[in-house]
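Below is one structure, written out as structure tokens, with a few remarks after it.
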Amino acid sequence: MADTTVANKTIKFIITRQDKPDAPSYTEQFEIPYRQNMNVISALMEIQRNPQKADGAGTSPVCWESNCLEEVCGACSMVINGKPRQACTALVDKLEQPIRLEPMSTFPVVRDLVINRERMFNALKRVKAWIPIDGTYDLGPGPRMAETKRQWAYELSKCMTCGVCLEACPNVNDRNSFIGPAAISQVRLFNAHPTGEMNKAERLDALMEEGGIEGCGNSQNCVRSCPKGIPLTTSIAAMNKDTTKQLFKKWLDF
Amino acid sequence: MKGNTYLSRKIHSLLGVIPLGLFFIEHMVTNFAAVEGGPQGFKDAVIFLNSLPLVPVLEATLIWIPLLFHGVYGLYIAYQSNLNTGQYHYGRNWAFTFQRISGVITFIFIVWHLYQTRVQVAIGNVGHDELGGVMHDISTNVLFLIFYVIGVVAAVFHFSNGMWSFLVSWGITVGPRAQRISSYIWMVVFVIVTAMFLMSLFAFRGDEFKEAASAAIAWTNIV
């Protein structure tokens with residue numbers, strides 16, 4: 001790499017660390033040389049190259065997860081200066097120092113900044129967030145989708161299961177079985193699809209069980225926090241409408 | 001809590017509006033008789049309510065049972081929530097937090113208010129026609145007055161913000177614009193309902209309510 005180090009300029013980090021899933025957490029301070037256009041990931045890579053605390057003592061390199069480095073995979077979500085977001089798009093020049101990094105502790109912490117988002121994938125399975133198209137013969141092309149609908153549905157499809165909305169939600173915690181905003185919005189997405197709509201009732205039923213859509217308390221932190229700008233609260237309200245209809249349908253139609 | 005929490009939560013939400021929200025507005029109107037008609041007006045309003053047919057049945061089905069369910073299940077909902085306004089200081093998150101806090105305050109206030117009024121009528125310490133006097137004693141006591149003002153403001157906030165949430169939770173106000181306009185409307189309702197309740201509360205402080213107070217004074221001195 002070309003030498004882009006700016007003389008005598010450093011960046012300070014305070015990182016919350018944890019050695020094992022059940023170990024207590026602790027913080028460590030780091031001071032690394034500044035380079036132009038750094039993001040939090042490149043700073044973490046710098047710590048990985050030279051795992052030394054601010055006081056000069058050696059330590060183990062900080063663990064984190066990342067993949068795409070362009071805010072579409074959701075893997076590098078962490079709490080940066082108090083707000084959950086992706087580390088790849090957290091530019092050092094735009095952050096107040098010392099930069100505080102913490103894991104999104106709503107999820108089980110695996111190590112340091114690495115968390116386990118399995119509950120989100122289980123939630124997607126639970127609400128059947130897919131479109132069944134397999135058959136024993138060629139089912140032919142499905143019905144067409146209106147362009148106006150496609151436009152807003154596309155926004156919902158930007159969800160990368162990053163977990164930021166669950167971290168921000170006051171009702172996603174150990175005392176509450178709330179499924180979280182992301183999966184509810186995915187029900188709206190797959191129910192909007194002309195083929196997915198054929199299994200609409202199954203997805204709504206999944207939201208009307210213990211820990212489903214009723215866990216939403218309307219704090220609306222999710223929509224304020226979503227890095228992709230997904231209208232999560234509109235999705236929740238729309239699914240509130242559909243589950244309410246479903247409730248009365250079940251009572252009155254049978 | 002096992003079973004269908006979706007259904008419990010929906011019942012909780014519905015009961016907050018029908019009948020509790022309606023009863024709350026009725027209570028506001030009845031109290032306002034004290035502002036409009038003085039002691040006699042308030043007495044007439046109370047007697048009118050108690051002259052309704054099947055009063056005990058109406059009370060049980062429209063007030064006691066819904067209030068108990070909404071209150072107790074509401075405490076459980078509050079217990080299930082984290083309060084994270086320190087990290088996310090958005091208006092709606094504050095409303096979420098205050099909805100839970102005001103719910104708990106309102107629950108305590110209602111228990112106390114019922115003890116001072118409805119329970120005293122039930123055990124025969126005061127008659128329905130003496131309630132204006134009871135309220136005079138309460139509202140002229142500075143500590144009770146402060147407690148009542150806090151209780152009333154908490155209850156009206158819980159009602160107004162609860163109505164906003166109800167419209168979202170049942171899928172009536174779906175989009176951000178509808179939800180924003182709804183929040184303006186319920187803010188206005190909050191101001192009007194608070195003003196009317198407080199006007200009634202302060203009307204009870206008037207000397208004209210004093211005469212009726214003598215009968216009730218014996219027990220209010222104790223509590």
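Which value, in Å³ per residue, describes the convex hull spanned by the Cα atoms of chain A?
About 177 Å³ per residue, rounded to a whole number.
Enumerate the lysines that B:LYS210 could reach by cross-link, defined here as Cα to Cα under 30 Å, with residues fewer than 8 away along the same chain left out.
Partners found: B:LYS43.
Tell me which lysines have Cα within less than 22 Å of A:LYS94's Cα, excluding those fewer than 8 residues away on the same chain?
A:LYS9, A:LYS12, A:LYS83, A:LYS228
Quick one, what does Rg over Rh come out to for region A:77-191 if you take C-alpha atoms and the Kirkwood Rh?
Using Cα coordinates only, the ratio equals 1.08.
Kyte-Doolittle cut-off -0.5, length cut-off 24 Å along the helix's own axis using Cα: show which whole DSSP H helices in chain B pass.
Length and hydropathy pass: B:20-50, B:91-114, B:142-169, B:176-203.
Return the sequence-ordered ³J(HN,Hα) values of region A:100-113 in whole Hz as given by the Karplus equation 6.51 cos²θ - 1.76 cosθ + 1.60 applied to θ = phi - 60°, using x for Gly and Pro.
Result, ordered by residue: 9, 10, 9, x, 6, 6, 5, 9, x, 7, 8, 6, 6, 9 Hz.
From the phi of every residue in region A:27-36, what ³J(HN,Hα) in whole Hz does the Karplus formula 6.51 cos²θ - 1.76 cosθ + 1.60 yield, where θ is phi - 60° and glycine or proline is x?
For region A:27-36, the Karplus-derived couplings read 10, 9, 9, 10, 9, 10, x, 7, 10, 5 Hz, x marking Gly and Pro.
Take the Cβ-Cβ distance between A:ARG49 and A:VAL72 as r, set R0 to 22 Å, and report the resulting FRET efficiency rounded to the nearest 0.05.
0.25
Quick check: pseudo-label points 7 Å beyond the Cα along Cα→Cβ at B:ASN50 and A:GLN151, how many nm apart are they?
6.3
Determine by what factor the alpha-carbon radius of gyration of region B:1-61 differs from 2.2 N^0.38 Å, reporting the quotient.
1.54
Label point 7 Å out from A:LYS158 along Cα-to-Cβ: which residues of region A:227-244 have amide N under 15 Å?
The answer is A:227-235, whose backbone nitrogens lie closer than 15 Å to the label point.
Excluding residues fewer than 8 places away in the same chain, name every one of the lysines whose C-alpha is closer than 27 Å to that of A:LYS249.
A:LYS125, A:LYS128, A:LYS149, A:LYS200, A:LYS241, B:LYS2, B:LYS10
Check A:SER77: other-chain or 5+ apart residues with amide H under 5 Å from its amide H, H built from backbone geometry?
Sorted by chain and number, the residues that satisfy this are A:ALA87.
Give the angle, between 0 and 90 degrees and rounded to the nearest 10, that separates the Cα long axis of helix A:40-49 from the longest principal axis of the Cα atoms of chain A.
Tilt relative to chain A: about 50 degrees.
Please list A:LYS245, B:LYS10, A:LYS94 in order of solvent-accessible area, largest first, computed with a 1.4 Å probe with all protein chains present.
Of A:LYS245, B:LYS10, A:LYS94, the descending order of accessible area is A:LYS94, A:LYS245, B:LYS10.
In a Gaussian network model over chain A where Cα atoms closer than 10 Å are linked, find which of A:LYS53, A:LYS200, A:LYS241 has the largest mean-square fluctuation.
Comparing A:LYS53, A:LYS200, A:LYS241 in the GNM, the peak value goes to A:LYS241.
Which residues' amide hydrogens lie under 5 Å from the amide hydrogen of A:ILE115, considering only partners 5 or more residues apart or on another chain, with H built in the peptide plane?
Under 5 Å from the amide H of A:ILE115 lie the amide H atoms of A:VAL110, each far enough along the sequence or on another chain.
Sum -39500 (n - 2.57) across every DSSP H segment of at least 4 residues in chain A, then divide by the residue count to get the 222 nm mean residue ellipticity, nearest 500.
-9500 deg cm²/dmol
I'd like the accessible area for A:MET145: 1.4 Å probe, protein heavy atoms, all chains in place, Å² to the nearest 10.
For A:MET145, solvent-accessible area is about 60 Å².
Evaluated at 10 °C with a viscosity of 1.306 mPa s, what Stokes-Einstein diffusion coefficient in µm²/s does region B:69-161 have when Rh comes from the Kirkwood expression over alpha-carbon pairs?
In µm²/s, the coefficient rounds to 106.
From Cα coordinates alone, what are the radius of gyration and Dmax values for chain B in angstrom?
My reading of the Cα-based Rg and Dmax gives 18.6, 56 Å.
Using only Cα atoms, tell me the angle between helix A:232-253 and the longest principal axis of chain A; keep it within 0 to 90° and round to the nearest 10.
Around 30 degrees separate the two axes.
Compute a Gaussian network model of chain A, connecting alpha carbons closer than 10 Å, and tell me which residue from A:ARG126, A:ARG49, A:ARG175 fluctuates the most.
Of A:ARG126, A:ARG49, A:ARG175, the most mobile in the Gaussian network model is A:ARG175.
Using a Förster distance of 25 angstrom, determine the FRET efficiency expected from the C-beta separation of B:VAL142 and B:ALA122, and round it to 0.05.
Efficiency, from the Cβ-Cβ distance: 0.35.
Based only on the alpha carbon positions, what is the Kirkwood hydrodynamic radius of region B:116-170, in angstrom?
Over region B:116-170, the inverse of the mean reciprocal pair distance is 13.3 Å.
Got a sec? Which residues in region B:41-70 would a label at B:HIS27 touch, if it sits 7 Å along Cα→Cβ and we count backbone N under 12 Å?
Within reach of a label on B:HIS27, which here means backbone N under 12 Å from a point 7 Å along Cα→Cβ, region B:41-70 contributes B:63-64, B:67-68.
Restricting attention to chain A, give the cysteines that have no other cysteine Cβ less than 4.7 angstrom from their Cβ.
A:CYS63, A:CYS76, A:CYS88, A:CYS159, A:CYS162, A:CYS169, A:CYS216, A:CYS226 - these cysteines have no disulfide-compatible partner (Cβ-Cβ under 4.7 Å) in chain A.
Please calculate the 1.4 Å probe accessible area of A:GLU202, with all protein chains present, and give it to the nearest 10 Å².
For A:GLU202, the solvent-accessible surface is approximately 90 Å².
Using only C-alpha positions, report the orientation-averaged shadow area of the convex hull of region A:1-114, nm², one decimal.
Averaged projected hull area, Cα only: 7.2 nm².
Could you state how much accessible area A:SER177 has, in square angstrom rounded to the nearest 10, with a 1.4 Å probe and all protein chains kept in place?
For A:SER177, solvent-accessible area is about 50 Å².
Restricting everything to alpha-carbon atoms, can you work out Rg to Rh for the protein assembly as shown with a Kirkwood hydrodynamic radius?
Taking Rg over the Kirkwood Rh, I get 1.09.
Could you sort A:ILE80, B:ILE65 by their accessible area in this structure, using a 1.4 Å probe and putting the largest first?
Sorted by accessible area, descending: B:ILE65, A:ILE80.
Suppose accessible area is computed on protein heavy atoms with a 1.4 Å probe; arrange A:ASP242, B:ASP129 from highest to lowest.
In descending accessible area the options line up as B:ASP129, A:ASP242.
The values are calculated or read from the model by the stated rules, or taken from the named source; none is laboratory data. Worth saying up front: this structure is predicted, and the values here are computed from it rather than measured. In this analysis, Cβ positions are derived from the backbone assuming ideal geometry, glycine residues included, and neighbour counts consider all displayed protein chains. Accessible surface is based on the protein model in full, side chains and every heavy atom, while ligands, DNA and RNA are left aside. Shrake-Rupley method; radii C 1.70, N 1.55, O 1.52, S 1.80 Å.
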